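First the structure, in the form of structure tokens, and then the observations on it.
Coordinate-derived values only; no laboratory data. Fair warning: this is a prediction, and the values are worked out from it, not measured in the lab. Glycine also receives a Cβ, built like all others from the backbone with ideal geometry; neighbour counts cover every protein chain displayed.
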Amino acid sequence: MNKLLKQVLLVWVCFFALTGPAMADSLSEANRVYDTGDYEKAAKLYSPLAKEGNAEAQYVLGMMYRAGRGVSQDYHEAGKWYRLAAEQGHPIAQFYLGWIYAKGRGVPKDIIKGYMWLNIAIANADGEARKEFIVDRDSIAASMTADQIAKAQELAKKCTAKKFKRC
């Protein structure tokens, strides 16, 4: 029994050792194709990676659906991919998820949830991205009450404590 367990573990270690670089190579290839402007082909390359849980592929696929690049424009589908990447801590996906909630694009408009995700994105971003996120969050805050902002900030704390799952 112990020998069988060791063999199974060895198979799994080999599997992950071989698929990790393959997944990275696949992402590099998808990025390369995207950069050439062949968005339809890029979408086909990103899709299986996104379905396998690659946060960067999920984020890019969300962007492609939001902009209608290589796929039909679909804010609902964009939101699905942004959410999956956001739940893995991808700050730009968190920003765009907040943006679509604040604007009501593909999801019911929810300014509190939008502010919450923007606040989370700010906490996870740095540099110029962080500065830009703050500007957008503050422009949304201008149309919110103090109670709404306080509620959004509390939700952001709870969401962060849950590691962004089911927020």
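Only loop residues by DSSP count here, and only those with at most 14 other Cβ atoms within 10 Å; note down the trypsin sites (Lys or Arg not before Pro) in the stretch 86-162 that meet that.
When the trypsin sites (Lys or Arg not before Pro) of the stretch 86-162 are filtered for loop state and at most 14 Cβ neighbours within 10 Å, Lys109, Lys162 remain.
Could you put Phe133, Phe164 in order, starting from the residue whose Cβ has the fewest other Cβ atoms within 10 Å?
Phe164, Phe133
Treat each spin label as a single point 7 Å out from the Cα along the C-beta direction, and report the Gln73 to Lys162 distance in nm.
3.2 nm
If r is the Cβ-Cβ distance from Lys41 to Asp110 and R0 is 45 Å, what FRET efficiency results, to the nearest 0.05?
After rounding to 0.05, the efficiency reads 0.80.
Would you mind getting me the FRET efficiency between Glu154 and Arg130? Use the beta-carbon distance for r and R0 = 30 Å, nearest 0.05. Before the final figure, lay out the partial values.
Numbers: r = 21 Å, r/R0 = 0.71.
So, using R0 = 30 Å, E works out to roughly 0.90.
Mind sorting out which of (i) 21, 19, 17; (ii) 35, 18, 13; (iii) 33, 22, 13 is the real semi-axes √(5λ) of the Cα gyration tensor in Å computed from the coordinates?
(iii)
May I ask you to list the residues of the stretch 71-90 whose amide nitrogen lies under 20 Å from a point 7 Å from Cα along the Cα→beta-carbon direction of Ser143?
Residues 75-76, 79 qualify, since their backbone N sits under 20 Å from the label point.
Restricting to Cα pairs below 8 Å that are 6+ residues apart, what does the relative contact order work out to for the chain? Please round to a whole percent.
13 percent
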